[in-house]
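Heads up, the thing below is written out as structure tokens.
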Amino acid sequence: MTSLPINGARVEPYERLTALIFGFLPAQLVYLMARLRLADLVADGPLTVDELSSAAETRPEMLRRVMRGLEGLGLVAESDGRISVTELGALLGSDAAGSLRDVALHGGAEAYQAWGGLEHAVRTGEPAFDAVFGESFFSYLRSHPRPVPLSMG
């Protein structure tokens, strides 16, 4: 089957490239879910968006939009107006076996920002992290200590 052209391009490559261009959106949704501890907040049972918003100290109308994105990624599910975490989303829980919460926090914050300096690194040969944060990665870790996760899985 031949694909239909969009602006002179076949649909599949057009959609694929668009998904790559906006690939940061899912990563930032995952980061926000980890940052707001949403998996932890629904661990004892599903909550309405309003209840979840109150617990997470967010604006309900904005969190409702985030929930739609997280549901599209398969991290949360909505049923009868209540939000629950899926098996995939549960991996962002603080106490989950094999939790990836700390990875998501790093990936959505420092790593995300450092990759924004990729052009600088390619042009100068200097590490992007150093240019973005003003110090080396390991120096940054020393000056911004975080609790060590209790379990790695």
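Looking at the structure I just gave you, is GLY93 among the small types (Gly, Ala, Ser), in a loop (DSSP other than H, G, I, E, B) and in contact with a helix residue (DSSP H, G or I) (Cβ under 6 Å, 6 or more places away or on another chain)? Working first, answer last.
Details: among the small types (Gly, Ala, Ser): yes; in a loop (DSSP other than H, G, I, E, B): yes; in contact with a helix residue (DSSP H, G or I) (Cβ under 6 Å, 6 or more places away or on another chain): yes.
The answer is yes for GLY93.
Collect the residues in segment 22-56 that are over 20 Å from ALA104 (Cα atoms) and surrounded by fewer than 19 Cβ atoms within 10 Å (Cβ to Cβ), keeping them in residue-number order.
Matches in segment 22-56: ASP44, GLY45, PRO46, THR48, ASP50, GLU51, SER54, ALA55.
Can we say PRO13 is loosely packed, with under 13 Cβ neighbours inside 10 Å and not assigned by TED's automatic domain parsing to the domain that holds ALA114?
yes
When the residues of segment 83-120 are narrowed to those that are of a type in the set (Asp, Glu) and under 22 Å from GLU135 (Cα atoms), which ends up modelled with the highest pLDDT?
GLU119
Considering only residues of segment 1-10 that are surrounded by 10 or more Cβ atoms within 10 Å (Cβ to Cβ) and of a type in the set (Gly, Ala, Ser), which is modelled with the highest pLDDT?
ALA9
Anything in segment 93-142 that is polar (S, T, N, Q) and within 19 Å of the chain's Cα centre (by Cα)? List them, or say none.
Within segment 93-142, SER94, SER99, GLN113 meet the criteria.
If we scan segment 80-88, do we find a residue that is among the small types (Gly, Ala, Ser) and assigned by TED's automatic domain parsing to the domain that holds LEU29?
Yes, because at least one residue in segment 80-88 is among the small types (Gly, Ala, Ser) and assigned by TED's automatic domain parsing to the domain that holds LEU29.
Looking only at segment 38-56, decide whether some residue is touching a residue at least 60 places away in the same chain (Cβ under 8 Å) and over 26 Å from PHE129 (Cα atoms).
Within segment 38-56, the subset touching a residue at least 60 places away in the same chain (Cβ under 8 Å) is 39.
Cutting the leftovers down to over 26 Å from PHE129 (Cα atoms) gives us 39.
Looking through segment 38-56, at least one residue is touching a residue at least 60 places away in the same chain (Cβ under 8 Å) and over 26 Å from PHE129 (Cα atoms).
The values are calculated or read from the model by the stated rules, or taken from the named source; none is laboratory data. Just so it is clear, the structure is predicted and the values come from calculations on it, not from any experiment. Cβ: placed from backbone, ideal geometry, glycine included. Neighbour counts: every protein chain shown.
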